[in-house]
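First the structure, in the form of structure tokens, and then the observations on it.
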Amino acid sequence: MTRLTLVMALLVLATFLLAPGLVSANPSSEPIGLGSSAVLAAIQQAKLTAADGAANDLFGDSVSISGDTLVVGAVLDDDKGSGSGSVYVFVGVPSKLAFTVQPSDTAAGGQVSPFVKVEVQDASGNTVTSSTASVTVALGTVPTSGAKLSGTTTVEVSNGVGAFSLLSIDRGSNGFTLTASAPGLTGATSASFNVTGSSAAPVPSLTQWGVIGMAGLFAVLVLLAAKRRTLAYRRA
């Protein structure tokens, strides 16, 4: 790739990013209104050339965007002869997480349905379909002490989306939230939701079981002592 070709490709990319609405997919199409869908940060995913490319083909004379994918033409690229042209494919850089299917109200111990879904997005909110990040959900706001989240709490996203199945919370209360996290990405917090039904009975700890056992043993000893006193009285 010549220095001139590189400069031209960068100029096209700069125009794409800095002048929303002025770039079209091809000369006959309507201008693409980039708006909030502009890819502000991208990484090169591929470089495309024509299988039968030859000098002066000027392959790649346009710019286009779809979701998190940006395609930039470089008509003066010279991989297959002067002016043979090529196309560079860029994808958005994973930046943050977002809940796209929020947790719904449910009963204590019941499955949250439909499945909660979390997306990996770039800085502009486009789904980064190339991401395979490992995303974990956990309880955020916990309005009742001791409540626990069960089910599939960590998944590897597919096409940038992670679905969390069989989620349930064992105690009822109003105002729960979930959080989503992944290494290197800005986390997200869900909308609040309610869990109906009585709180689950707390399970005694080992210390509590020990106290219960000692109390039981003491009661047995008291009964034995009383029985002995009764027997002694009768003999007398």
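If you stretched the chain out fully between D105 and T189, how much longer would it get, using 0.36 nm times the residue separation minus the C-alpha to C-alpha distance?
Contour length minus Cα-Cα distance gives 28.6 nm.
Of all accessible surface on the stretch 98-182 at a 1.4 Å probe, what whole percent is carbon and sulfur?
Of all accessible area on the stretch 98-182, carbon and sulfur atoms account for 46 percent.
Separation between the A219 and T196 pseudo-spin-labels, each 7 Å from Cα along Cα→Cβ, expressed in nm?
3.8 nm
Would you please put 183-195, 85-97 in order of how densely packed they are, using the mean number of other Cβ atoms within 10 angstrom per residue and starting with the highest?
Sorting 183-195, 85-97 by mean packing, highest first, produces 85-97, 183-195.
Sorting check: for 110-121, 134-145, which peptide has the highest mean count of neighbouring beta carbons within 10 Å, and how do the rest follow?
110-121, 134-145
The values are calculated or read from the model by the stated rules, or taken from the named source; none is laboratory data. None of the values given here were measured: they were computed from a predicted structure. As a convention, Cβ positions derive from the backbone with ideal geometry for all residues, glycine included, and neighbour counts pool all protein chains shown. Surface areas here come from the heavy atoms of the whole protein model, side chains and all, with no ligands, DNA or RNA. Shrake-Rupley method; radii C 1.70, N 1.55, O 1.52, S 1.80 Å.
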